[in-house]
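Data block below; observations after.
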Amino acid sequence: MDISRGAKSWHLLTATVAWVALVLQLVLVFRGGHVLDEIAPAPLGTRLIRFISYFTVLSNLLVAATTTTLAAGQTRYPTWWKVLRLNAIVCIAVTGVVHWFLLRPLLDLHSADLVADKLLHLVVPALAVIGWLAFGPRGLVDRTHLLPSLAFPIGWLVYTLIRGAIVDWYPYPFLDVNLHGYAGALAACAGVAVLFLALTWGAIALDRRLPGVRLGSGAGTERAPSAR
């Protein structure tokens with residue numbers, strides 16, 4: 001099978017599932033569905049702000065956006081897109097890992113809430129990481145992209161802690177200052193930061209060795225090989 005055609009098909013599948021999962025979760029937010037351990041839904045405006053404050057939602061949105069452009073036959077890769085693509089893969093991997101080990105045991109979801117949860121936390125991460133491992137595209141990132149790629153997760157952590165201190169709400173229990181104090185929450189942040197750094201460094205290193213459409217160095221404004 002032509003790897004370019006196979007890659008586009010996989011990216012299309014990933015994008016479709018990610019968009020469906022996001023829309024389903026948003027509909028459930030409007031309907032007052034449960035998100036993680038929220039038992040009593042807050043007012044709609046608050047629920048919508050919380051919806052876009054979840055790292056899970058943002059990481060799925062990154063995957064949905066970048067795989068949509070790849071499925072559409074993207075031919076140019078500016079630096080900002082390379083960073084977002086790297087963010088998408090690393091962030092969705094972190095989403096899956098953190099959910100599986102820290103959040104999954106805390107959840108008691110049913111029906112559509114359970115479906116949305118599994119799509120966002122397990123299915124999309126699996127599709128995105130498998131697609132990246134199998135297809136790439138390769139040659140888009142190097143060590144110069146390491147620090148820029150950390151801006152998003154670090155910015156999210158700062159936003160979460162500042163907003164949490166103001167409104168007394170945290171999207172994940174391990175970041176809740178009320179439960180663990182600032183020392184415990186900051187220790188959790190440090191652990192997440194180390195995980196991000198390790199996965200980002202590993203993704204950059206693996207990019208040189210994995211199969212997939214290889215675009216070569218300096219592909220920021222070059223045209224990718226056309227899919228046939």
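Computed from the coordinates by the stated procedures, all read-outs in this text should not be read as laboratory data. Being a predicted model, the structure only gives us computed values, none of them experimental. A quick note on method: Cβ atoms are made from the backbone with ideal geometry, for glycine too, and the neighbour counts reach across all protein chains shown.
Structure notes:
- Spin-label pair ALA42/ILE162, simplified geometry with 7 Å Cα→Cβ offset, distance in nm: 1.7 nm
- Inter-probe distance in nm under a simple model that places probes 7 Å from Cα toward Cβ, at VAL20 and TRP100: 2.2 nm
- Here the simple spin-label model places points 7 Å from the Cα toward Cβ, and for LEU133 and TRP201 these points are separated by 2.1 nm.
- Listed peptides 128-134, 151-157 appear in the order 128-134, 151-157 once ranked by packing, highest mean of other Cβ atoms within 10 Å at the front.
- Rounded to whole Hz, the Karplus (6.51, -1.76, 1.60) HN-Hα couplings of the stretch 44-50, x for glycine and proline: 4, x, 5, 4, 5, 5, 5
- Ordering of 46-58, 196-208 by packing [mean C-beta count within 10 Å, highest first]: 46-58, 196-208
- Electrostatic bookkeeping for THR68 treats Lys and Arg as +1 and Asp and Glu as -1; over the other residues with beta carbon under 14 Å from its beta carbon, the sum is +2.
- Using θ = phi - 60° and Karplus 6.51 cos²θ - 1.76 cosθ + 1.60, couplings along the stretch 89-94 (whole Hz; Gly, Pro as x): 5, 5, 5, 6, 5, 4
- Karplus (6.51, -1.76, 1.60) ³J(HN,Hα), θ = phi - 60°, over the stretch 184-193, in Hz, Gly and Pro reported as x: x, 5, 5, 5, 5, 4, 5, x, 5, 4
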